[in-house]
1. Residue A:25: which lysines have alpha carbons under 25 Å from its alpha carbon, excluding same-chain residues fewer than 8 sequence positions away?
2. Enter the angle in degrees (range 0 to 90, nearest 10) between the Cα long axis of helix A:3-25 and the first principal axis of the Cα atoms of chain A, meaning the one along which they spread out most.
3. To test your reading of the geometry: what angle, between 0 and 90 degrees and rounded to tens, separates the Cα axis of helix B:66-91 from the longest principal axis of chain B?
4. Cα-based Rg of chain B per 2.2 N^0.38 Å, rounded to two decimals?
5. If you take each beta carbon of peptide B:17-26 and count the beta carbons of other chains within 10 angstrom, what is the mean?
6. Take every residue in peptide B:64-71, count the Cβ atoms of other chains within 10 Å of its Cβ, and give the average of those counts.
7. Calculate the translational D of the protein assembly as shown in whole µm² s⁻¹ from Stokes-Einstein, where the hydrodynamic radius comes from the Kirkwood formula applied to all Cα pairs, the temperature is 20 °C and the viscosity 1.002 mPa s.
8. Show that you can apply the helix-only estimate: for chain B, add -39,500 (n - 2.57) for every DSSP H stretch of four or more residues, divide by all residues, and state [θ] at 222 nm to the nearest 500.
Amino acid sequence: MNVDLIFKIAAIGIVVAVLNQVLKKSDRDEQATMVTLAGLIVVLMIIVQQISDLFALVKTLFNL
Amino acid sequence: MDSVIKIAGIGIVGASLALLIKKNSPEMSLMITIAVCVLIICVFLSFVSPILEFLKNLADTAGISSSLLSPLLKAIGIGIVSKSASQICIDAGESSIAAFIEMTGTMLAIYVSLPLMSSVLELVKSIM
């Protein structure tokens, strides 16, 4: 759990946003939507891992 | 003490990154918000264990059994998790989901402290 994770996700987000704009301007809306969806799924996979680690930590710390 | 400055820096950088991306793809900015929040909560939890140790020490010195202390700790954990989840939902614009998460968290906290309350009731009954 370090700060590089945030920069990774931010980089993926910026790349997805730029690709989205480029594809929309060149009139390929479905591909733009698919690129956004793919980026979202990749980032979600990273984050869900971190969230599950966090909740395991909370669970052990508070004896839930 | 420098942890506070680190956390403040990470928070501000994360908020500006999220704002940068929000116009083009709001769901990505929510992901960045979630990542920053998870990071900050991890740092927060690393400071909580000495405090928990001290609380347990205090309870042992006062002669209170640890079964009375555990509902308190569980309620704190439930509060942290439900508060963070509900605030993230508010950021996503789903304030009704957030309200129901908070409501469930409150209900679970009361449910978890039922043994404590029933032992207080027993105590009061035995006094009267």
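Any read-out appearing in this document is the output of simple, stated calculations on the displayed coordinates, not a laboratory observation. From a predicted model like this one, the values you see are computed outputs, not experimental measurements. Positions of Cβ are backbone-derived with ideal geometry, glycine not excepted, and every protein chain shown enters the neighbour counts.
1. In chain and number order, the partners are B:22, B:23.
2. 20 degrees
3. That works out to roughly 20 degrees.
4. Details: Rg = 19.5 Å, N = 128, 2.2 N^0.38 = 13.9 Å.
That ratio works out to 1.40.
5. Details: counts 7, 3, 0, 4, 7, 2, 1, 10, 12, 0.
That works out to 5 on average.
6. Details: counts 0, 0, 1, 0, 0, 1, 3, 0.
Per-residue shielding by partner chains comes out at 1.
7. Values: Rh = 19.3 Å.
D = 111 µm²/s.
8. Numbers: 5 runs with 116 residues, N = 128.
Value at 222 nm, helices only, nearest 500: -32000 deg cm²/dmol.
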